[in-house]
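The values are calculated or read from the model by the stated rules, or taken from the named source; none is laboratory data. Bear in mind the structure is a predicted one, so any value in this text is a computation, not a measurement. No Cβ is skipped: glycine too gets one built from the backbone with ideal geometry, and neighbour counts run over all protein chains shown. When the accessible area is computed, the model is the full protein with side chains, heavy atoms only, and any ligands, DNA or RNA have been set aside. Shrake-Rupley method; radii C 1.70, N 1.55, O 1.52, S 1.80 Å.
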Protein chains: 2
Amino acid sequence: MFTPRTPRIVTARRLQRRKDRDQARRFLAEGPQAVREALAAGVVLELFGTPAGLERHADLAAQAPEVSPVTDEALAALTDTVHPQGLVALCEQVDVPIGEVLAKQPKLIAVLAEIRDPGNAGTVLRTADAAGADAVIFAGDAVDPYNGKCVRASAGSLFHLDVVRASLDVLDLLQNSGLQVLATSGTGEDDVDSLLDGGLLAAPTAWLFGSEAHGLPGELIAAADRRVRVPIYGGAESLNLAAAAAVCLYSSARAQR
Amino acid sequence: MFTPRTPRIVTARRLQRRKDRDQARRFLAEGPQAVREALAAGVVLELFGTPAGLERHADLAAQAPEVSPVTDEALAALTDTVHPQGLVALCEQVDVPIGEVLAKQPKLIAVLAEIRDPGNAGTVLRTADAAGADAVIFAGDAVDPYNGKCVRASAGSLFHLDVVRASLDVLDLLQNSGLQVLATSGTGEDDVDSLLDGGLLAAPTAWLFGSEAHGLPGELIAAADRRVRVPIYGGAESLNLAAAAAVCLYSSARAQR
């Protein structure tokens, strides 16, 4: 049984750092839900599990190309959650080049521009998946999509749609491919309901979302085709990112279906 | 200057516990944003601030009925955040009886049924406010709306609309007052887009939201007028609560305005 000092655990554990993930092009997915989705996506290289975890999820263990029983301590060393659920999968990274996405003529894309909070990024990824988006682009200095907290917040959605990592220049490519680019902004000149009423959301669309703390970078706001606000009818100053993204992405889904 | 041992700090600090908040009918609002909204709502009894906090927010200090400078340690004792921003207001609780809300013929209400996560509850409160809801009801064994984390997540919205604490029986009252009660459920027979298309969301509506972990209590699902799902177009199993609530409440706002 692997312990925290077994070389393969020592190596895997380094994947909790972004630099090492980037270099190895691998990451860790923890918990039965993420492991199930990673197996379905065919990206699991090795499944680490405590004896109890492997017994409880024998169906998952049966699907893994390689299963390695580990001690509780070794499992704890691979995760940053307080209550790991006994399973961690070593996975190949799943992101694809932007060209591959554009070749499929996507209709709905979410761009996370410099969103650094992993929980927020993972939640928007999950919402984009639910709304039927084709791809989510982590743009500029955004959080790493393979950050443990982001993977958890995505609740498996990381494996359901195309994930892209790109620089902020990606905007040009999106526009050149015929997508309208809509920047979410509390002070936008259009509101999302008016666009929906006007039939403007039926076109292929990339939504740009910025961080809650700083909003979108000014150059992206300026370069977008439209700046769009979610209307605020009450006394709130703004919506949080997850709520705003849900309203925008579901408005597009409504118009496109 | 008040220290952690000054009797008024010792008394105020007890308000971090629900039992003591319930008894005193008071609570603590921390940080400049919450303090500003509490002052605007006229519910601040006393403003505690570090010298730096009071200087930085002199405009707020000028509006408080009583200002008490406190040491950094005393302020830290009043908050559960890692980086308190130098201000904590002692406030009267703001919730109102359900009868008062119903007398105003509300058009849009959010019911948080047994939602125990304070961050989720506060976020839905904020979203309900943004969508122009008249009231938010904390029903059954829900988190206390004056929980510090809930107050923070609400970003001031606690002070913008009517907040009610009620038992799960409140459903009867809502229905008897002519509100249609819509229970959100991943397996609901209606989807929110179809209701919107069918003109069914223009009527006065109370939306029921349950916890992410357990959903709505079965008796509420059964007693509601309709069970409504947010459509899932992609591979996600579900939406998180904040996203689902945003889609539902904004669909109602769209139909009612």
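Within the range B:145-153, is there a residue that is of a type in the set (G, A, S) and open to solvent by 20 Å² or more (accessible area, probe 1.4 Å)? So far as the range B:145-153 goes, yes, one or more of its residues are of a type in the set (G, A, S) and open to solvent by 20 Å² or more (accessible area, probe 1.4 Å).
The set of residues from the range A:1-36 being part of a helix (DSSP H, G or I), more than 16 Å from A:G86 (Cα to Cα) and of a type outside the set (S, T, N, Q) comprises A:P7, A:R8, A:V10, A:R14, A:L15, A:R18, A:K19, A:D20, A:R21, A:D22, A:A24.
Within the range B:173-185, the set of residues being in contact (Cβ under 8 Å) with a residue 12 or more places away in the chain and open to solvent by 50 Å² or more (accessible area, probe 1.4 Å) comprises B:L173, B:Q175, B:S177, B:G178. Kindly provide the set of residues from the range B:156-171 that are touching a residue at least 40 places away in the same chain (Cβ under 8 Å) and open to solvent by 20 Å² or more (accessible area, probe 1.4 Å), ordered by number. B:F159, B:H160, B:D162, B:R165, B:A166, B:L168 - these are the residues of the range B:156-171 that are touching a residue at least 40 places away in the same chain (Cβ under 8 Å) and open to solvent by 20 Å² or more (accessible area, probe 1.4 Å). Where helices (runs of 4 or more DSSP H) sit wholly within the range B:187-257, those with at least 1 residues that are more than 14 Å from every other protein chain (Cβ to nearest Cβ) occupy B:218-223.
Within the range A:124-163, being part of a helix (DSSP H, G or I) and more than 11 Å from chain B (Cβ to nearest Cβ) holds for A:G148, A:K149, A:C150, A:V151, A:R152. Every residue in the range A:103-123 that is buried (at least 19 other Cβ atoms within 10 Å of the Cβ), among the aliphatic types (A, V, I, L, M) and more than 10 Å from chain B (Cβ to nearest Cβ), please. Within the range A:103-123, A:I109, A:A110, A:V111, A:L112, A:A113, A:I115, A:A121 meet the criteria. Looking at the range A:202-226, which of the residues that are over 22 Å from A:N240 (Cβ atoms) and among the hydrophobic types (A, V, I, L, M, F, W, C) is surrounded by the fewest Cβ atoms within 10 Å (Cβ to Cβ)? Ranking the qualifying residues of the range A:202-226, first place goes to A:A222.
So that you can scan it fast, the table gives a plain yes or no per residue for (1) more than 23 Å from B:G235 (Cα to Cα); (2) of a type outside the set (D, E):
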residue	(1), (2)
A:A76	yes, yes
A:D95	no, no
A:Q105	no, yes
A:L112	no, yes
A:P118	no, yes
A:G132	no, yes
A:A139	no, yes
A:N147	no, yes
